[in-house]
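Step one of this worksheet: look at the structure below.
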Amino acid sequence: MLNLDHLIVEFDKGLRTLFSQAHSARPHPDANMSDAPMDEAERKHAAGLMRINHSGEICAQALYQGQALTARDPAVQAKLQQAAQEETEHLAWTSKRVHELGGHLSVLNPLWYTGSLTLGAFAGLLGDKWNLGFLSETEHQVGGHLQSHLEKLPPQDAKSRAVVQQMYVDETKHSEMAKEMGGADLPAPVKFAMKATSKILTHTAYRI
Ligand SMILES: [Fe+2]
Ligand SMILES: [Fe+2]
């Protein structure tokens, strides 16, 4: 059951997600790689794509947090926390890359965060089967986005590609983990609504 202590801890996590530098235990996938020459338009485009990925990771933090708040099975909670740790690393990698490309993080991150936290908590309230099903589908859709970014990024931007590629590997693993733990296959209209919502994020975060 939720209590005030829980809420304070989660509020603190939210503030840290939004306003402090995330830490990566694993080496950054693009460590030891140097920046390839890019013209201004290419850098701006790459920064926009990596800003989308960073905002996606802000959402992932909030989703996992919301779900861990309401998940019932302790084994499920533990797995969610483990995956959330990897999401924190994704946050660190994408944030660093956006700044390296001369970009800024999305000004709407607090909005993405709040919306996703609400969604995650709601999914958690529906029970672990749907909670995990929602998580699996989210990770699956994020994987699709990441694949499309590999096609859209400037071909010579090996640093961004290395980050996106490792995130793709991790998100695929998270999707399968959630399915294996008993995640239900979501109804088609829900999947469609999720895709529509993520389109709003991708279009907006690319710009602001
Ligand atoms: Fe992620
Ligand atoms: Fe993930």
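The values are calculated or read from the model by the stated rules, or taken from the named source; none is laboratory data. The model shown is predicted, which means the values in this text are computed figures rather than measured ones. A quick note on method: Cβ atoms are made from the backbone with ideal geometry, for glycine too, and the neighbour counts reach across all protein chains shown.
Of the residues 49, 108, the single one that is among the hydrophobic types (A, V, I, L, M, F, W, C), surrounded by 19 or more Cβ atoms within 10 Å (Cβ to Cβ), over 20 Å from residue 23 (Cα atoms) and modelled with pLDDT of 85 or more is 49. Quick one: which of 150, 126, 132, 146 is away from ligand 1 (no atom under 16 Å from the Cβ), within 18 Å of the chain's Cα centre (by Cα) and either aromatic (Phe, Trp, Tyr) or over 18 Å from residue 18 (Cα atoms) (or both)? On inspection, the qualifying residue turns out to be 132.
Can you confirm whether residue 143 is in contact with a Phe, Trp or Tyr (Cβ under 8 Å, 6 or more places away or on another chain) and within 16 Å of ligand 2 (Cβ to nearest atom)? Criteria met by residue 143. Scanning region 154-171 for residues that are surrounded by fewer than 17 Cβ atoms within 10 Å (Cβ to Cβ) and without any contact (Cβ under 8 Å) to a residue 12 or more places away in the chain yields 155, 169. Cβ-Cβ under 7 Å, sequence separation 6+ or interchain: first residue in region 76-100 and more than 25 Å from residue 43 (Cα to Cα), partner more than 15 Å from ligand 2 (Cβ to nearest atom) and among the aliphatic types (A, V, I, L, M). Which pairs? Pairs that qualify, where the first residue is more than 25 Å from residue 43 (Cα to Cα) and the partner is more than 15 Å from ligand 2 (Cβ to nearest atom) and among the aliphatic types (A, V, I, L, M), are 77/71; 80/71. Residues of region 172-201 that are in a helix (DSSP H, G or I), surrounded by fewer than 19 Cβ atoms within 10 Å (Cβ to Cβ) and of a type outside the set (A, V, I, L, M, F, W, C): 172, 173, 176, 179, 180, 189, 191, 195, 197, 198, 199. Taken over region 165-189, the criterion of being of a type outside the set (S, T, N, Q) and farther than 20 Å from residue 64 by Cα is satisfied by 187, 188, 189. Of the residues screened, residue 69 is not one that is in contact with a helix residue (DSSP H, G or I) (Cβ under 8 Å, 6 or more places away or on another chain) and under 24 Å from residue 153 (Cα atoms). Any residue that is surrounded by 20 or more Cβ atoms within 10 Å (Cβ to Cβ), within 17 Å of residue 124 (Cα to Cα) and modelled with pLDDT of 85 or more - is there at least one of those in region 28-42? Scanning region 28-42, I find no residue that is surrounded by 20 or more Cβ atoms within 10 Å (Cβ to Cβ), within 17 Å of residue 124 (Cα to Cα) and modelled with pLDDT of 85 or more, so the answer is no.
Taking helices (runs of 4 or more DSSP H) that fall entirely within region 1-100, which contain at least 2 residues that are within 16 Å of ligand 2 (Cβ to nearest atom) and over 21 Å from residue 206 (Cβ atoms)?
Numbers: elements: 4-19, 40-70, 74-100.
Answer list for region 1-100: 40-70, 74-100.
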